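Some notes on the structure that comes next.
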Amino acid sequence: MQITMNFGRYGLPVQIDEGVEVELVRKPTMPILPEPSRAIAEAINNPVGCRPLRELAAGAKKACILICDITRPVPNGMILPVLIRELLAGGMTKDQICILIATGLHRPNLGDELREVVGDDWVVENIRVENHFAEKDEDHVDLGETRHGTEVKLDWRLVEADLRIAVGLVEPHFMAGYSGGRKLIMPGVAHHQTIRTLHNAAILQHPLARNCRIDGNPLHEQQLEIVERLGGALALNVVIDDERRISFVNFGEIVASHLGAVEYVRRYAEVPIRKRHRTVLTSAAGYPLDRTYYQTVKGMVAAIDALETGGDLIVVSECSEGMGSANFVKAQQRLLASGPEAFVQSIMDKRLADIDEWQSHMQAKAMGSGRIYLYAPALAENGKLTGVEMVSSVQDAIQVSLSRQTGDKSIAVIPEGPYVIPVYIEEAAASATAG
């Protein structure tokens, strides 16, 4: 059997030998919107929990539209022209509208990359597009503290806007449960101290700070409180299929509309599996997410529930931009020097996490589940910084893994990586076996 894994822009074909039992972990077929631009316009005109955007724009003086950075495949080229023309139809002028790239603590998107993120030349040429810089103190407004004592500082361009609109992709997220909505505000346009507080080890070690869980998730709950402290916002939420086509779109009050999108995507992204496997093959979701090893960690964490403890997890990721930030590299060096358990223990009492060390923390979680192997030829010499075993052939890695298993020649394959979360429920598996 040949399976194409999400890898870079074009995918990576992987051959699975005959006689190997393959559990292919994929989303069920998703309906596709035949006219996505019309669906976006209809969503804007029939919002969730608020008045139509054109009415809201009539009395507004400033609009701030948050969009994701280059790491997310949001179809902004379809969304932004419709959204902006609706604001203009409501009486706003072009110079009253700002698009703010919600970089969090990622690097800015500039030049051709900025055009790629925005996705539409008319928008780039007519509307101001700027990057958020979390480490610029002067760019942030202090909004006080959450009930948990987190200092809330957000980008002034969002705070001072009459209309605040987050445009995001709703998909599983390994810390916040699901991406999109409130996540574009925090960490998207938050000050580094706010981000580092809500990414400290005590929060991320919480058992409910994980993929597909928002109820009781401490990160999600504080994100909602930050939205409340801001004074609210709107959101345009999209869900896409494995070919990046729009399956769902809605618009409205940020909390209610995001929950509606989460309810929709759950049916497809959370995939029941028959059993846990000693060998699991997954990806880092392909371009643009797999441009760095930093983002590749999401693929490791997402696959954990498919892996039998002590098994082999094989990950494919292009890593065309290398490891990621210098801060992440420093965290990885500490992880390698101390080992996963000691690394996690060393950061548990820190109120402010070091920038990007949370990704090493999440990798440590994955390393506790089994052996991790990585196919990422572009990393070359930097491969030793990953802390996992580099492989030069995916087929060979699969064969070696299967040869180690006694009486179990099965493999779980997750082509779309962290966009699909395998869910193993013992009771359901026992029932299926009995049937």
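Couple of notes before you dig in:
- Some residue of region 313-330 being in contact with a Leu (Cβ under 7 Å, 6 or more places away or on another chain), part of a helix (DSSP H, G or I) and surrounded by fewer than 24 Cβ atoms within 10 Å (Cβ to Cβ): yes
- Ile411 vs. criteria among the aliphatic types (A, V, I, L, M), over 22 Å from the mean Cα position of the chain (by Cα) and assigned to a strand (DSSP E or B): yes
- Any chance Met300 is in a loop (DSSP other than H, G, I, E, B) and within 18 Å of the chain's Cα centre (by Cα): no
- Neighbours by Cβ (under 6 Å, 6+ apart or cross-chain): first from region 39-68, modelled with pLDDT of 95 or more; second charged (D, E, K, R) and not in a helix (DSSP H, G or I): Gly49/Glu253; Cys50/Glu253; Ala60/Asp162; Lys61/Asp162; Lys62/Asp162; Cys64/Arg164
- Taken over region 368-396, the criterion of being within 19 Å of Leu12 (Cα to Cα), part of a helix (DSSP H, G or I) and either touching a residue at least 60 places away in the same chain (Cβ under 8 Å) or among the aromatic types (Phe, Trp, Tyr) (or both) is satisfied by Ala378, Leu379, Val394, Gln395.
- Test: residue in region 216-226 that is without any contact (Cβ under 8 Å) to a residue 40 or more places away in the chain and assigned to a loop (DSSP other than H, G, I, E, B): yes
- Matching option when the condition is touching a residue at least 24 places away in the same chain (Cβ under 8 Å) and surrounded by fewer than 18 Cβ atoms within 10 Å (Cβ to Cβ), among Gly188, Gly181, Gly232: Gly232
- Residue count for region 236-266, restricted to those that are out of contact with any Asp or Glu (no Cβ under 8 Å at 6 or more places or on another chain) and within 17 Å of Leu184 (Cα to Cα): 17.
The values are calculated or read from the model by the stated rules, or taken from the named source; none is laboratory data. Quick caveat: nothing in here was measured; it's all calculated off a predicted structure. Cβ atoms come from the backbone with ideal geometry, glycine included; neighbour counts cover every protein chain shown.
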